[in-house]
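Structure record follows, encoded as structure tokens.
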2 protein chains.
Amino acid sequence: MAAKAEHPNVLCTVDVVLLTLRDDALQVLLLRRTAEPFAGALALPGGYVHAQSDHDASDAAARVLRDKAGVESPYLEQLATFSGPARDPRGWSVSIAHFALLPESLLPPLHEGAVWKPVERLPALPFDHRQIVQEAVERVRAKSQYSSLPVHLCGERFTLPQLQAVYEAVLGEPVNKVSFRRKIDELGMLEPIEGEFTAGGAHRPAQLYRLRKAFRHVLSTSGRGLNSGA
Amino acid sequence: MAAKAEHPNVLCTVDVVLLTLRDDALQVLLLRRTAEPFAGALALPGGYVHAQSDHDASDAAARVLRDKAGVESPYLEQLATFSGPARDPRGWSVSIAHFALLPESLLPPLHEGAVWKPVERLPALPFDHRQIVQEAVERVRAKSQYSSLPVHLCGERFTLPQLQAVYEAVLGEPVNKVSFRRKIDELGMLEPIEGEFTAGGAHRPAQLYRLRKAFRHVLSTSGRGLNSGA
């Protein structure tokens, strides 16, 4: 069939932008490459799609994180697909890029050659990995305006002031407390943990909350952004 | 190199959800397939990526629309990538899906085997094309809440009431005129065409507008949705 002749030999890979909050800043996991091209350079965790065993591209992304970084079950979402002749010296290639979020408290010990870098101070990166990181950060910030996404950077139990601090760190700007509380109510994603409060200290004890089960893998969203006024 | 052995033989295609407004409803272009698999079935326009000539996946999507449907220069955006072993009987495959918008007035005559179908009354579709159309429509509706996207379904010149009718047809619900006008101001995407008004008829002549040049390929967006209240 004519179509057969057109079928190109395309490299099909996944790359993952794994983000966490460390020192109040969004940071991305980079791994030192052990193989050519760009052996020795820091780059995003990535790899070929395994057509024999991966259920789909997201499954491939989850496998790459597990095998190359020891990270299990983060919040994982497809970002976009990057393609073309120039992005990889091996030839025309496709990278189905994903982003993933995990709270610092759930991160495994770093593998050898792995480092965290603040997204605002990226080193030189091979391929189009800088662009991929930048688009991931833009996407996370845009979605954080109107969804439960930042909760996936919190531990399992948190107070509302702790959650607000996480939103502010992700957005890179302060958030009004009243609109924040209203937004969280509107999103309906949290439940108080009965009888659980932070130890008092100088302040009065604060109620601890957790993410409702329905929103562990699906975002809760609302039509209006946090910083859109009114 | 070990990596070579892992490199799977993945079918890499693009599929395009081309949408227009006909009879006040969002409709999608379907083409009757001439080749197996699913020869004779209606399906989305699609094809293999051509690594020898396509600059990237969006370029491949634009080529498919041009060659298979005679459509030039629609608004075109990547939707998401669909992948896995089950979606195509030829084996593990990747489809980098796109959506495109074109006003009915700019559509070329239909090629043989091409039909428009309302997105709310889709026929049976092969592969995962029903899911791709549904995700495209969801994306278009969500983006229409807070961006200039629906303008790409209008002709070159339109009045504000005409534009509001297009937003309403896309969203599938009425839009408050006052919030609509405020939103359009906020988006800053339009310019009045000096001295151009609709012929009066029963109403007084209405100013004609056009999309500002800066927003022909980039959306203007705002933080708050049209129907998010306040």
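Please count how many residues of the range B:63-86 are assigned to a loop (DSSP other than H, G, I, E, B), at the interface with chain A (Cβ under 10 Å from one of its Cβ atoms) and buried (at least 18 other Cβ atoms within 10 Å of the Cβ).
The number of residues fulfilling the criteria is 0.
Out of all the residues in the range B:126-144, which are buried (at least 22 other Cβ atoms within 10 Å of the Cβ) and either within 16 Å of B:Gln78 (Cβ to Cβ) or over 15 Å from the mean Cα position of the chain (by Cα) (or both)?
Passing the criteria: B:Phe127, B:Ile132, B:Val133, B:Ala136, B:Val140.
Please verify whether A:Gln131 is within 14 Å of another protein chain (Cβ to nearest Cβ) and either within 21 Å of A:Arg32 (Cβ to Cβ) or basic (Lys, Arg) (or both), treating the condition exactly as stated. Show your work before the answer.
Numbers: within 14 Å of another protein chain (Cβ to nearest Cβ): yes; either within 21 Å of A:Arg32 (Cβ to Cβ) or basic (Lys, Arg) (or both): yes.
Yes: the conditions hold for A:Gln131.
Looking at the range B:186-207, is at least one residue assigned to a helix (DSSP H, G or I) and outside the structural domain of B:Leu101 (by TED's automatic domain parsing)?
Yes, because at least one residue in the range B:186-207 is assigned to a helix (DSSP H, G or I) and outside the structural domain of B:Leu101 (by TED's automatic domain parsing).
Every residue in the range A:145-163 that is closer than 15 Å to A:Ser179 by Cα and out of contact with any Leu (no Cβ under 6 Å at 6 or more places or on another chain), please.
Listed by number, the residues that qualify are A:Tyr146, A:Leu160, A:Pro161, A:Leu163.
Looking only at the range A:8-32, filter to residues that are within 11 Å of chain B (Cβ to nearest Cβ) and out of contact with any helix residue (DSSP H, G or I) (no Cβ under 8 Å at 6 or more places or on another chain); which one of those is farthest from A:Leu122 (Cα to Cα)?
Among them, the one singled out is A:Pro8.
When you scan the range A:24-37, how many residues do you find that are exposed (fewer than 12 other Cβ atoms within 10 Å of the Cβ) and polar (S, T, N, Q)?
Of the residues in the range A:24-37, 1 are exposed (fewer than 12 other Cβ atoms within 10 Å of the Cβ) and polar (S, T, N, Q).
Go through the range A:145-163 and report how many residues are among the polar types (S, T, N, Q), part of a helix (DSSP H, G or I) and crowded, with 20+ Cβ neighbours inside 10 Å.
Counting residues in the range A:145-163 that are among the polar types (S, T, N, Q), part of a helix (DSSP H, G or I) and crowded, with 20+ Cβ neighbours inside 10 Å gives 1.
Any residue at all in the range B:126-143 that's part of a loop (DSSP other than H, G, I, E, B), in the same structural domain as B:Thr34 (by TED's automatic domain parsing) and on the phi < 0 side of the Ramachandran plot?
Checked against the condition, which is being part of a loop (DSSP other than H, G, I, E, B), in the same structural domain as B:Thr34 (by TED's automatic domain parsing) and on the phi < 0 side of the Ramachandran plot, the range B:126-143 yields at least one hit.
With the condition kept exactly as written, say whether any residue in the range B:101-123 is under 13 Å from B:Leu29 (Cα atoms), among the aromatic types (Phe, Trp, Tyr), within 14 Å of another protein chain (Cβ to nearest Cβ) and not in a helix (DSSP H, G or I).
No.
Condition first: surrounded by 14 or more Cβ atoms within 10 Å (Cβ to Cβ) and not aliphatic (A, V, I, L, M). Now tell me which residues in the range A:90-125 satisfy that.
A:Trp92, A:Ser93, A:Ser95, A:His98, A:Phe99, A:Pro103, A:Glu104, A:His111, A:Trp116, A:Lys117
Go through the range A:38-57 and give me each residue that's more than 12 Å from A:Val14 (Cβ to Cβ), within 8 Å of chain B (Cβ to nearest Cβ) and either surrounded by fewer than 17 Cβ atoms within 10 Å (Cβ to Cβ) or out of contact with any strand residue (DSSP E or B) (no Cβ under 9 Å at 6 or more places or on another chain) (or both).
Across the range A:38-57, the qualifying residues are A:Gln52, A:His55.
Only one residue in B:Ala60, B:Ala97 is on the phi < 0 side of the Ramachandran plot, outside any loop (DSSP other than H, G, I, E, B), within 14 Å of another protein chain (Cβ to nearest Cβ) and within 12 Å of the chain's Cα centre (by Cα), so which one is that?
None of the other options fit; the residue is B:Ala97.
Looking only at residues in the range A:155-170 that are among the aliphatic types (A, V, I, L, M) and in contact with a helix residue (DSSP H, G or I) (Cβ under 6 Å, 6 or more places away or on another chain), which one is farthest from A:Gln145 (Cα to Cα)?
Here the answer is A:Val166.
The values are calculated or read from the model by the stated rules, or taken from the named source; none is laboratory data. The structure displayed is predicted, hence computed values, not measured ones. Positions of Cβ are backbone-derived with ideal geometry, glycine not excepted, and every protein chain shown enters the neighbour counts.
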